[in-house]
Ligand code: NDP
């Protein structure tokens, strides 16, 4: 549809937000026909940086960009919003334990979920990028009882895209020749990029997977540890690729996945593939008429099962660690 979309970006002055905003404004996310109102939410200390980004967005003279507004109040920023890109989250600071980080973020996402429940548009769609993304999405959803849980998603598209890139290098082909890759589980090093159902330049992924040394010692760890490798090489965490994957996620959610292919997104489990109901887990998904549908019935071999189970166990542990922030 071509009615204007209200898009709220949190952490808008951060590295990922900065890269995402220009592509949203240019029509890469919702198509070139759809006008956009952009809302930039930041913490008070970063509002000025967001205002500077808004000046640059102005200077892009983007044809379909109707407005850019800056907020430090989530209730105002989310009022009537159609798309909430939850990129801002609390980074780990020195001496902070993992459990403290989970708690700090759970508090942020509990508040944002409750506010979205009160003020967002009827057709709200949420993509959580801020880590721990899967659990943050679960917490936000738990605090938004009036919004269907399936509208709360977390980003694993970057992991999916990284897997495609590695396969393309391996096979000497381009990304377009690769389909049906799946990332399962958590957006963390336990994630499992599954190529057993993939098609790679006319070959089956299962055939590539017969080289277990490559699969286990090269492909899987390269994809799972790519974020760390980028920090070590670039001297800063991945930002443009994370922004690009966020755009891909929302684009496909709204405009559909290509025929004969699927992608990966983290959604609340309806209890399929042995993933306990409610855990926000990455699955193979197609988007049909603006809704994600999990691709069901894939044969999961023992190799895959063990890896999926390990990542799902980690997700269950994260939820247990923030249990007191889940409403009874
Ligand atoms: P980035 O824009 O680089 O990253 C934002 C979040 O995305 C982080 O949680 C980061 O996780 C996560 N992320 C998920 N996937 C990836 C990936 N593949 N590569 C890199 N990051 C990934 O962070 P900045 O610090 O530059 O910006 C964050 C902004 O958020 C700040 O401007 C801050 O003021 C704001 N903020 C807003 C809040 C709010 O609106 N309520 C709350 C807290 C912060 P990780 O940390 O694990 O890299």
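List of remarks:
- Among residues of the range 166-199 being within 16 Å of the ligand (Cβ to nearest atom) and in contact with a strand residue (DSSP E or B) (Cβ under 9 Å, 6 or more places away or on another chain), the one that is farthest from residue 287 (Cα to Cα) is 166.
- The condition (being assigned to a loop (DSSP other than H, G, I, E, B) and at pLDDT 95 or above) is satisfied by just one residue among 160, 249, 187: 187.
- Residue within the range 231-251 that is over 28 Å from residue 215 (Cα atoms), more than 16 Å from the ligand (Cβ to nearest atom) and not assigned by TED's automatic domain parsing to the domain that holds residue 150 present: yes
- Restricted to the range 212-230, and to residues there that are surrounded by fewer than 18 Cβ atoms within 10 Å (Cβ to Cβ) and within 12 Å of the ligand (Cβ to nearest atom), the residue that is farthest from residue 189 (Cα to Cα) is 230.
Residue-by-condition table, conditions (1) closer than 23 Å to residue 317 by Cα; (2) assigned to a helix (DSSP H, G or I); (3) under 19 Å from the mean Cα position of the chain (by Cα):
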| site | (1), (2), (3) |
| --- | --- |
| 96 | yes, no, no |
| 100 | yes, yes, no |
| 105 | yes, yes, yes |
| 108 | yes, yes, yes |
| 113 | yes, yes, yes |
| 123 | no, no, yes |
| 131 | yes, no, yes |
| 139 | yes, yes, yes |
| 153 | yes, no, yes |
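- Taking the range 288-308 as the range and being in a helix (DSSP H, G or I) and surrounded by 16 or more Cβ atoms within 10 Å (Cβ to Cβ) as the test, the residues that pass are 304, 307, 308.
The values are calculated or read from the model by the stated rules, or taken from the named source; none is laboratory data. These numbers come from a predicted model, not from an experiment. With ideal geometry, Cβ positions are generated from the backbone for all residues, glycine too; neighbour counts draw on all protein chains shown.
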